[in-house]
Each structure stands twice: as C-alpha cells, then as structure tokens.
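Peer 1: Pasting a structure below so you can have a look.
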Amino acid sequence: MLNSLSGRFLILTVIFVMLAEVFIFVPSIARFREDYLLNRLERAQIASLALLANEGMIEDDLEAELLENAEVLNVVLRRDEIRQLVLSADVIPPISASYDLRDAPASILIRDAMMRLLTREEQTIRVIGAPVREAGLLIEVTMHSYMLRDAMIDYGLRILWLSAAISVFTAALLFLAVRRLLVTPIKRVMRHMTEYAEAPEDATRIIEPQAGITELHEAETALQSLETQLTGALKQRERLAQLGEAVAKISHDLRNILTVATLMADRLEGSEDPTVKRITPKLVNSLSRAVNLCEGTLAFGRAEEPPPALDRVDLGCVISDVIENERIEISEDAVSYAAEVEDALLVRCDSEQIYRVLSNLVRNARQAILATGKGGTISIKAHSNEEGWMIQVADTGPGLPKKALDHLFTPFQGGARAGGSGLGLAIAAELIRGHGGKLELSETGPEGTRFEIYLPSGAAS
C-alpha cells in the first residue's frame, strides 16, 4: 500500500497539510494570547468602573470577588496623567515580565506567545493596554502566567486535533481522486502491456488510447504506435523465418546438385576436345562460386552467434596468427603484410570472434589486391586511447566499387567482388556489435581501403 503511487501521494499530502497547519498554528496561537490578555484588560476595566461608581468605597470581599472574576491581581488606571491603583490583592508576587499590547508588531506577539508556551515555571506578569471606549490613557493589570499558558495549551490542542482531522480528510479525498484520475488509468495501461506481452502477434491486443489526462493519453498513443510496429515486425519476422527455411532447403538440394555437376565438370577436363578444354575451367569456376554461395547461405541461416566470451587477450598475438595463416594459405608473393601494434596491448574481448573479424577483413583485402594482377600491402594497426581501442585494417588495393558501398554490411548485397555473397562483412559487423563496438569503412579509393574497428572502454581493460 505505502509503496504504491497512491499510498505515497497520501503520505505526502498528510505531511504537506500538517506543515501548512504549522504555519497557521503559530500566528493563531499568538492571536489567541493577545485576545486572552485583551479580554483580561477589559474585565479589569469593568471591575474598576464598578469601584469608581461607588466613589472608591467598596468592601474587601467585593474587591476580592471583582479581582477573581477578572482573573487579575491588581488594576491600575491612568487618567489625566494620573496613575491610580484601583484594585489590588493583599499580596502581589514580584513581577517577572511586562507586555505592552499597544501597537505591538506581529513578530513580537509571535515571539512572546512561543516563549510563554515554552516557559513552564509560574510567573507574575504585567500587561499594559489601552482602555476600551477611551476610558483613560492606559490600563495595567498584574496576573498569574499559569492561567494564560493553560488556556494557550488547551487552544493549541484543539487546533492540532482540528488540523489533524482536516489533514486526514483532505488526504483521503486526494487519495481517492488520484486513484480515480491517475492510478486507475496507469493500471489499465499496465494491464494492457501484460496482456500484449502474452501474445504480441495478436493485433487485437494493441492498446486503444482512452485516458483523459493529456500526458497519459500521449503515453498511450506512443505505446500504441510501438505495439503496432512490433506486431508488424513480428509478423514480418515470421514470414522471413519461413522464407529462410525454404531457402535453406533449396540451397541444400541445390548444393548437392552442383556438387555432382562439379564432379562431372572435373571429368570433362580430361577431354581432348579443344572447345571442351576452353569452356571447362570457366564452368568449374562458375560451379564453385555457386557451391560457395549455397554453403554460405546455409551457414548464415544456421548461424546464431553466441555472446562473446570476454577475457584478457593479447591483441598482438591474434594479429600475428591472422597474418601467419594468410601467408600459409596462399603461395603468391604479390601480397605483403605489415603489423603495427602497441607492446602488451591487452583487450578484454573474445579472441576467437576478433580473429574471425580480422581474418575476414584481411582475406577480403587480399582477394581485392590479387584481382588487380598487381602487388600490394595489407597493414594492421592497433592502439589505445581514452575511450577504448582502435584497430585499423588497410590495404593498397583498388578500392570498393560503388555497388558494394551502398550495401556494405548487408548480407547477400554487400559483396565487393564478383561471385561474393557479402556475408563476411555482415558477420564481422555483427560480432563487433556484440562487443559493444562498431566496424566502419573510414576510407576507400584508388589508393586503397581502410576499415576501423572500435572497442569501447567497457569492453577493454
């Protein structure tokens, strides 16, 4: 309950209302004290007038009764610059404090009220005020402080109980209003999200915006758009999955057929017919490319790259293995290799996946150079910076054709050479994204091509 939105709103409402009541309580208690003292001054004035009406002759019992009714110890009137003791008890304790209510500022009244509430000891105080109906210049009374403090405490408790009741009542109303206007629509959205998550391909479960609150209505509209897009993407994915299965089956059967055709073409190479000798190598090459395309399609369809197994890897050793394997694979001396790597360059990555990425890039560069019939150089550079690690694979080949640039990292569309499927770069980019990095083409042209691999510091150590 308390951890819910409405529960916390209820608590905050009570706190803020009580805080507001505190700011109301302080001036209220000061006002009550002032009214209490003014009332005692008025009572004392009435008692003094009774004495003056009898020309100052009054019995002691009556004088004591007048003082008791006025709740004061003595009464002093100043009339015509003459200060006159009108009524007085037999014994008056020493006066501890004097308060002048004539034109007293609010700050002084609040200060005196708070001091009276905090002072527990019994005191005798003098109160000075202006007589009502201009019956003199001023009136002074002496009184006990405990009666004033008791009255203030009683009034303060009544104010606090009333404030508490108002706070609870207000909080309850706001609680119900928040639940009706805010919490209930939010729960509706959450319920729709849960129902949609159970069957996201069901278009009937897409939320329909109904909230009357502008912000919540906008959120429902955005959620509706997102669910619509997701449902469409899931349906498209399902269709693509079915299409992929069909393509895989076709590729498998076609690969078998092409393998048989390749074997028959190999036998044709022994023919003495000049025409057959001239055509057979081209036929074998075409069949080989077709077989490679089928195998690549099958491999891509089956491939589901696991997340990288991160570990501290000496990048220099990985680069050396890539270059060494490339040198073993080909016998031509037309391609030279160079590596420039920082000493002890340790990277937290998956060594096998990084090897595959670099091997793909180097192999593509080597094939591009050999296709020109000229020599060339492939270089690999690696260094660190404040943000992460940078690996560059550059070559002095002819550069990438425009067709390849348009769909460079798209499977089956980004092939840079004739017969290529474009799967190598697509898989390499996917592996680097798995590391939280990115693979980009930074430069290509007649003077060569350069790819850059960026690994963020989160993937490196």
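The values are calculated or read from the model by the stated rules, or taken from the named source; none is laboratory data. Predicted model only: the values in this text are computed from it and were never measured. Note that we place each Cβ from the backbone using ideal geometry, even for glycine, and neighbour counts take in every protein chain shown.
Peer 1: Somewhere in region 69-91, is a residue in the same structural domain as residue 44 (by TED's automatic domain parsing), polar (S, T, N, Q) and buried (at least 17 other Cβ atoms within 10 Å of the Cβ)?
Peer 2: yes
Peer 1: Related question: Pick out, from region 63-128, the strands (runs of 3 or more DSSP E) lying fully within it that include 3 or more residues that are over 60 Å from the mean Cα position of the chain (by Cα).
Peer 2: Details: elements: 74-79, 82-88, 97-100.
Strands (runs of 3 or more DSSP E) meeting the threshold: 74-79, 82-88.
Peer 1: Looking for whichever is of a type outside the set (A, V, I, L, M) and over 21 Å from residue 47 (Cα atoms) here; the options are 78, 126, 120, 83. Which one fits? Working first, answer last.
Peer 2: Values: 78 fails: over 21 Å from residue 47 (Cα atoms); 126 fails: over 21 Å from residue 47 (Cα atoms); 83 fails: over 21 Å from residue 47 (Cα atoms).
Just one listed residue meets the conditions, 120.
Peer 1: Further question on the same structure: Output the residue which, of all residues in region 31-58 that are polar (S, T, N, Q) and within 12 Å of residue 139 (Cβ to Cβ), is modelled with the lowest pLDDT.
Peer 2: Among those residues, the one meeting the criterion is 48.
Peer 1: So which residues in region 374-413 are among the acidic types (Asp, Glu) and over 29 Å from residue 327 (Cβ atoms), if there are any at all?
Peer 2: Once the filter is applied, which keeps residues that are among the acidic types (Asp, Glu) and over 29 Å from residue 327 (Cβ atoms), region 374-413 yields 386, 387, 406.
Residue by residue, here is whether (1) out of contact with any Asp or Glu (no Cβ under 6 Å at 6 or more places or on another chain); (2) closer than 15 Å to residue 424 by Cβ; (3) buried (at least 19 other Cβ atoms within 10 Å of the Cβ) holds:
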residue	(1), (2), (3)
327	yes, no, no
338	yes, no, no
356	yes, yes, no
366	yes, yes, yes
373	yes, no, no
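Peer 1: Of 156, 232, which residue is part of a helix (DSSP H, G or I) and touching a Phe, Trp or Tyr at 6+ places or on another chain (Cβ under 9 Å)? It would help to see each step written out before you state the result.
Peer 2: Working: 232 fails: touching a Phe, Trp or Tyr at 6+ places or on another chain (Cβ under 9 Å).
None of the other options fit; the residue is 156.
Here is a yes/no grid of residues against (1) modelled with pLDDT under 80; (2) surrounded by 14 or more Cβ atoms within 10 Å (Cβ to Cβ); (3) outside the structural domain of residue 9 (by TED's automatic domain parsing); (4) more than 30 Å from residue 13 (Cα to Cα):
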{"site": "183", "(1), (2), (3), (4)": "yes, yes, yes, no"}
{"site": "199", "(1), (2), (3), (4)": "yes, no, yes, yes"}
{"site": "222", "(1), (2), (3), (4)": "no, no, yes, yes"}
{"site": "230", "(1), (2), (3), (4)": "no, yes, yes, yes"}
{"site": "242", "(1), (2), (3), (4)": "yes, no, yes, yes"}
{"site": "251", "(1), (2), (3), (4)": "yes, yes, yes, yes"}
{"site": "286", "(1), (2), (3), (4)": "yes, yes, yes, yes"}
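Peer 1: For the structure I just gave you, tell me whether residue 28 is polar (S, T, N, Q), in a helix (DSSP H, G or I), surrounded by 12 or more Cβ atoms within 10 Å (Cβ to Cβ) and modelled with pLDDT under 75.
Peer 2: Here the answer is no, as residue 28 does not meet what is asked.
Peer 1: Turning to a different aspect of this structure: Does region 337-345 include one or more residues that are in contact with a Phe, Trp or Tyr (Cβ under 9 Å, 6 or more places away or on another chain), among the hydroxyl-bearing types (Ser, Thr, Tyr) and farther than 23 Å from residue 308 by Cβ?
Peer 2: no
Peer 1: Outside any loop (DSSP other than H, G, I, E, B) and modelled with pLDDT under 90: is that true of residue 439 in this structure? Spell out the reasoning first.
Peer 2: Numbers: outside any loop (DSSP other than H, G, I, E, B): yes; modelled with pLDDT under 90: no.
Spelling it out, it is not the case that residue 439 is outside any loop (DSSP other than H, G, I, E, B) and modelled with pLDDT under 90.
Peer 1: When you look at residue 204, is it free of Cβ contacts under 8 Å to residues at least 60 places away in the same chain, assigned to a helix (DSSP H, G or I) and among the hydroxyl-bearing types (Ser, Thr, Tyr), yes or no?
Peer 2: yes
Peer 1: Of everything in region 131-162, what is surrounded by 18 or more Cβ atoms within 10 Å (Cβ to Cβ) and free of Cβ contacts under 8 Å to residues at least 40 places away in the same chain? Give them in sequence order.
Peer 2: Residue satisfying the conditions is 149 alone.
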